[in-house]
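The values are calculated or read from the model by the stated rules, or taken from the named source; none is laboratory data. Note that the coordinates shown come from a computational prediction; the quantities given were computed from them, not determined experimentally. Neighbour counts are summed over all protein chains in view; Cβ atoms, including those assigned to glycine, are modelled from backbone coordinates with ideal geometry. Ligands, DNA and RNA are stripped out before the accessible areas are found, and what is left, the full protein with its side chains, is counted by its heavy atoms. Shrake-Rupley method; radii C 1.70, N 1.55, O 1.52, S 1.80 Å.
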Amino acid sequence: MRIQYQHMFFSALCFFLLILVPSGVQAQNAKSARAFSLLSWEELPYDSVYYRNGSTMNKVKIKVGRRSESYPLPSDGKLEMFISEKDPEGKDKYKMIGQATIMQGAKKMLYVVVANKKASSLPLSMFGINDSIDVFPAGSFRFLNFTSVPIEGAFSGDVFRLQPGKTTVVKTKKLTGGSFHPFYLRTVKGVMLYETRLLGQPSGREIVFIMPPNNGSGRVNIKFLPQTVPRPEIGSNQ
């Protein structure tokens with residue numbers, strides 16, 4: 001009887017291990033899968049939006065002022081957005097409303113979606129950002145110039161110049177806990193555009209969107225997109 005029990009225990013253990021191995025592989029694949037999220041700063045005039053991944057259409061939800069959930073990136077190097085319409089025969093068809101390229105090697109992309117004011121273009125403009133942890137890690141800030149002029153900035157001891165449509169990442173220095181760091185923006189001629197202090201945190205990262213003025217003050221319009229992310233383990237390559 002003891003031998004029979006040992007045999008039953010060994011069989012159960014093997015079965016348990018067989019269950020665990022595929023789960024571990026799936027978790028590893030999910031961790032390394034390439035994905036994207038979406039962001040809009042204002043409501044878009046569409047109830048439902050889809051993107052093409054291979055031969056299938058997948059519904060996405062674009063959130064205002066924060067990242068959407070993550071979706072698998074298409075493997076063909078481009079992201080195409082669609083809406084569903086009825087053709088003259090009453091059948092559903094898909095109409096493209098926006099498209100963007102996917103940065104080669106990016107593990108995670110963030111697309112800022114804006115309604116396009118040019119009648120000759122697609123209804124949506126999509127600005128892609130490499131949102132991968134390895135290029136935009138915890139404890140850092142990413143600055144994006146959405147104005148039409150060059151801007152100089154300073155943050156956490158670094159001074160940088162941003163051309164229109166360009167971005168830079170600044171790692172917060174001497175960050176052992178939450179602390180404030182001086183931050184300012186000015187024109188290349190030295191005219192101050194914005195000045196404040198930003199809170200840096202070891203487990204947080206934040207995108208600073210530098211937008212054109214929305215009034216006659218001449219000060220740029222600043223929008224923030226914070227996110228808490230896992231801190232790299234000791235000995236990690238990230």
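Measuring between alpha carbons in the structure, the pairs from Lys117/Lys189; Lys78/Lys173; Lys108/Lys189; Lys59/Lys107 lying more than 26 angstrom apart are Lys117/Lys189; Lys78/Lys173; Lys108/Lys189. Prolate is the label for segment 57-168. Its Cα gyration tensor axes, ordered a ≥ b ≥ c, give a/c of at least 1.5 and a/b above b/c. Which shape class applies to segment 109-238: rounded if a/c is under 1.5, otherwise prolate when a/b exceeds b/c and oblate if not, where a ≥ b ≥ c are the square roots of the Cα gyration tensor eigenvalues? Cα axes put segment 109-238 in the oblate bin. Of all aspartates and glutamates in the structure, the ones whose alpha carbon falls short of 18 Å from that of Lys166, not counting any fewer than 8 places away in one chain, are Asp131, Glu152, Asp158, Glu206. For segment 61-183, the Cβ-based charge dipole about the Cα centre amounts to some 300 debye (Lys, Arg positive; Asp, Glu negative; other atoms uncharged). In terms of the mean number of neighbouring beta-carbon atoms within 10 Å, the peptides 131-137, 40-46 order highest first as 131-137, 40-46. Of the solvent-accessible surface of segment 77-136, computed with a 1.4 Å probe and all protein chains present, 51% belongs to carbon and sulfur. The stretch between Met96 and Val191, if pulled fully straight at 0.36 nm per residue, gains 30.0 nm over its current Cα-Cα span.
The residues of segment 98-238 present an accessible area of 55 Å² per residue when probed at 1.4 Å with all protein chains retained.
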